[in-house]
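S.K.: The structure under discussion is supplied below as structure tokens; questions concerning it will follow.
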Amino acid sequence: MFVAYYFLFIFFIFISLKFFINFNSLPSIKKIDGIVVLAGGKGRINLGKKILKINKNIYFIISGANPAFSLNFLKRKLDLKGKNIIIENKSKNTIENGYEVSRIVRKLTLKKILLITSKSHMIRALIIFKMILPDGVKIYPYAVNDNITFIKVLKENIKLIFFFIKFFIKGV
């Protein structure tokens, strides 16, 4: 019976992501202290760059970048300019993204961040970041559209279940 409810829940999330949930309402750029882009998908960094061009005074954090790339290489490759660009390349998954970004957010005392990832990944990323980031940090989700499939949503939910098990039982 639990499995049937689980798949019904996943199907509801799939339909919601596909048609109803809008993660594309951009807050006033003046309201945010930083942009956090979760690397790994098309269009995410370019979207962050466009927002950075509107307000050059905010921090631009790319989390989950390939460890082989240096900050200077990525700045040249992505045509990024400024001292407020941070490349985080230690994390290998969304949970590690959350912890590494939390460390950066604490160090920079950021209070409002724009979180950029894909639409199918956003719910899991948002839940993880809300649980890991320091209290009082406001997260504005902004998603790059991707081809949402039931299988993608199912995988994201299975990963979320494993996160809850790790977080609450093992204390990640």
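S.K.: Just one of (1) crowded, with 20+ Cβ neighbours inside 10 Å; (2) in a helix (DSSP H, G or I) trips up Ala143, so point out which.
M.R.: (2)
S.K.: Kindly indicate whether any position in the stretch 147-169 is touching a Lys or Arg at 6+ places or on another chain (Cβ under 8 Å) and closer than 18 Å to Asp33 by Cβ.
M.R.: No: the stretch 147-169 contains no residue that is touching a Lys or Arg at 6+ places or on another chain (Cβ under 8 Å) and closer than 18 Å to Asp33 by Cβ.
S.K.: Which one of these is among the aliphatic types (A, V, I, L, M), modelled with pLDDT of 85 or more and over 30 Å from Lys56 (Cβ atoms): Ile123, Ile139?
M.R.: Ile123
For every residue, the table says whether it meets (1) touching a Lys or Arg at 6+ places or on another chain (Cβ under 8 Å); (2) in contact (Cβ under 8 Å) with a residue 24 or more places away in the chain; (3) not basic (Lys, Arg).
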| position | (1), (2), (3) |
| --- | --- |
| Leu52 | no, yes, yes |
| Ala65 | no, yes, yes |
| Lys77 | no, no, no |
| Lys90 | no, no, no |
| Lys107 | no, no, no |
| Lys111 | yes, yes, no |
| Ile127 | no, yes, yes |
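S.K.: Follow-up. Where residues in the stretch 146-172 are assigned to a helix (DSSP H, G or I), in contact (Cβ under 8 Å) with a residue 24 or more places away in the chain and of a type in the set (A, V, I, L, M), which of them is least open to solvent (accessible area, probe 1.4 Å)?
M.R.: Val153
S.K.: So, in the stretch 106-140, of the ones that are over 14 Å from Ile21 (Cα atoms) and small (Gly, Ala, Ser), which residue ends up surrounded by the fewest Cβ atoms within 10 Å (Cβ to Cβ)?
M.R.: Taking the candidates together, the pick is Gly136.
S.K.: Name the single residue that is surrounded by the most Cβ atoms within 10 Å (Cβ to Cβ) among those in the stretch 33-69 being assigned to a helix (DSSP H, G or I), under 13 Å from the mean Cα position of the chain (by Cα) and of a type in the set (A, V, I, L, M, F, W, C).
M.R.: Ile45
S.K.: Here's another thing I want to ask about it. Which number in (1) modelled with pLDDT of 75 or more; (2) over 18 Å from Lys138 (Cβ atoms) marks the one condition that Leu8 misses?
M.R.: If we test Leu8 against (1) modelled with pLDDT of 75 or more; (2) over 18 Å from Lys138 (Cβ atoms), just (1) comes out false.
S.K.: Pick from Ile127, Ile86: which is touching a Leu at 6+ places or on another chain (Cβ under 7 Å) and within 22 Å of Asp33 (Cα to Cα)?
M.R.: Ile127
The values are calculated or read from the model by the stated rules, or taken from the named source; none is laboratory data. Worth saying up front: this structure is predicted, and the values here are computed from it rather than measured. Cβ atoms come from the backbone with ideal geometry, glycine included; neighbour counts cover every protein chain shown. What goes into the accessible areas is simple: the full protein's heavy atoms, side chains included, and nothing from ligands, DNA or RNA. Shrake-Rupley method; radii C 1.70, N 1.55, O 1.52, S 1.80 Å.
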